[in-house]
Amino acid sequence: MPTLKVGELLQATGGTLLSGDPSLSVTSYAIDTRRLAAGGAFFALAGTKVDGHAFVGDAARAGALLAVVARAPSGGGPFPAAMIQVDDVASALARCGAYARQRIRGKVVTITGSAGKTTTKEFVAAGLAASAKVHRTMGNLNNELGLPLSLLSCPDDAEAAVFELGMNGPGQIAFLARLADPDVALVTNVLPVHLEFFDSIDDIAAAKGELFAVLRENATSVVNLDDPNVRVQATRHAGPRVTFGRAKNADLTLEAIENLYVPGASLRFSHAGRSHSIALRVGGAHAALDALAAAATIVACGVPLGPALTAMACVEPAPGRGRMTRLPEGIVVVDDTYNSNPEALASVLATLEASPAAGRRVLVMGDMLELGPRSVAFHQEAGVLAAQSRVALLVGVGPLARHAVEAARRTGIEAHATDHAAHAAQIVPGLLRPDDLVVIKGSRGVRLELVVDALVSRRGEVG
């Protein structure tokens, strides 16, 4: 963590020093006292359910050196050694993040898109780390609160920084992009997600395209030529670009993908007259396309591809993002529980169909959330597609997934429905047979990780 003086944070926030010495050094930053380290700064956010000002005393007991507050705390303490009062704590946090961005001397990369952001971020960070010291977004700190914390946590000696930008409404990407002020910017794709908050996919594209719109002219955009929405949005940036996709005129031209879960996907592409291949530890064509996007981003950073691709090949999928677990009796479980949408599910099913399986192909499918008026239709279509993709057993989890189950049953395949992940965790282990290939996919709110945990705990894991 970089060290900042209380006086620097005072200047960044534009607030008033209520107490403490401006020369005191702050070494970490948090909005949750449970994640607060000694010597850190606590930003007392006033949320809709919890007011951080009620936890200033807890912050002091956890060793906080500084509290940033909107009002002076009452009572007898304890209080941190220093306190800064501001008009709005969330805005003050953003200003501190912007101040921290000015201290980053290496390349700053930002990544957004409807799917694949985190996997692409991990590929980019691994590739850049082959030749530089890299800082990256940890976990899902990708919103208007998480990004400033990620910027503040960037070490002073970082030679590159990779940040993920998330959104669920218009204007958010523009805000985050201005905060991060990237040197290289990538939009992975535009898909029909968050339709609960947008009227159309064109509106989603425009919101993602805010990254290109606010990009400095001397910064580099990384453009997915296979996605027509991305191509259109990329015209909002007039500066240099690196392109990728199946088109022959792409800077990185995709030549082939091996679309497998076990042992993982692989791809071959050409760049600057040379062919490159990479075998991944992550399964699925979607992961291979993420790797291609990452390779283009690495080229845009001016980093040699050879060592970067070697490092990318060693990236292990995170829990919920395609991690594979081998169980006894030859059962393989793919944990893709972090999120879901119609196109991501279709990609998963294509990989499941293409992957050899000595046993059955099994899909545990949770509700796909935030899809707006077409939610029921999307789930019905998913049930039909599952049957067409040679899924032999479908378990639907959630009220929307019942529509997928009903559609699948009409095609003649075995399908079960339950409204809760906890119940699915009880029944799924007993439904499996030796050598089954099982994919577990659903939106984060469905909590299908409970099913993964149940399978591992009840059936054991092959070491």
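Odds and ends about this structure:
- Within the full protein context, the accessible area of VAL184 is estimated at about 0 Å² for a probe radius of 1.4 Å.
- Charging the Cβ of each Asp and Glu at -1 and of each Lys and Arg at +1, and nothing else, the dipole of segment 1-97 about its Cα centre rounds to 180 debye.
- The apolar share of the surface of segment 109-216, taken as the fraction of accessible area on carbon and sulfur atoms (1.4 Å probe, ligands and nucleic acids excluded), comes to 49 percent.
- The angle separating the long axis of helix 117-129 from the principal Cα axis of greatest extent in the chain is about 70 degrees.
- Placing unit charges on the Cβ atoms only, positive for Lys and Arg and negative for Asp and Glu, gives the chain a dipole magnitude near 500 debye about its Cα centre.
- Antiparallel DSSP beta bridges within segment 301-402, percent to nearest 5: 45
- Portion, in percent, of the accessible area of segment 347-463 that falls on carbon or sulfur, probe 1.4 Å: 52
- For LEU141, no residue has an amide H sitting under 5 Å from its own, ignoring neighbours fewer than 5 places away on the same chain, with H placed 1.01 Å from N.
- Of HIS286, PHE212, VAL332, farthest towards positive along the dipole that unit charges on Lys, Arg, Asp, Glu beta carbons give the chain: VAL332
- Charge dipole (Cα centre; +1 on Lys/Arg Cβ, -1 on Asp/Glu Cβ; no other charges) of segment 364-463 amounts to roughly 140 debye.
- The aspartates and glutamates whose alpha-carbon is closer than 13 Å to the alpha-carbon of LYS248, local same-chain residues fewer than 8 away aside, are ASP226.
- Here P(r) over Cα pairs in 10 Å bins from 0, in percent was calculated from the structure, and among (i) 4, 19, 26, 25, 18, 7, 1, 0; (ii) 4, 17, 21, 19, 18, 14, 6, 1, 0; (iii) 4, 16, 27, 29, 18, 5, 0 it sits at label (i).
- Among beta bridges identified by DSSP and lying wholly in the chain, the antiparallel ones come to about 30 percent.
- Residue-normalised accessible area of the chain, expressed per residue, 1.4 Å probe, Å²: 40
- With DNA, RNA and ligands ignored, accessible area of ARG71 (1.4 Å probe; Å², nearest 10): 120
- Extreme residue, positive dipole direction of the chain, given options ALA424, SER153, PHE55 (C-beta unit charges): SER153
- For segment 90-175, the set of trypsin sites (Lys or Arg not before Pro) satisfying both a DSSP loop assignment and a count of at most 16 other C-beta atoms within 10 Å is given as ARG105, LYS133.
- The chain: calculated mean residue ellipticity at 222 nm from DSSP helix runs of at least 4, using -39500 (n - 2.57): -10000 deg cm²/dmol
- GluC sites (Glu not before Pro) within segment 381-463: DSSP coil, no more than 12 neighbouring Cβ in 10 Å: GLU461
The values are calculated or read from the model by the stated rules, or taken from the named source; none is laboratory data. On a predicted model such as this, the values are computed, not experimentally measured, just so you know. Positions of Cβ are backbone-derived with ideal geometry, glycine not excepted, and every protein chain shown enters the neighbour counts. With ligands, DNA and RNA removed, areas are computed over all heavy atoms of the protein, side chains included. Shrake-Rupley method; radii C 1.70, N 1.55, O 1.52, S 1.80 Å.
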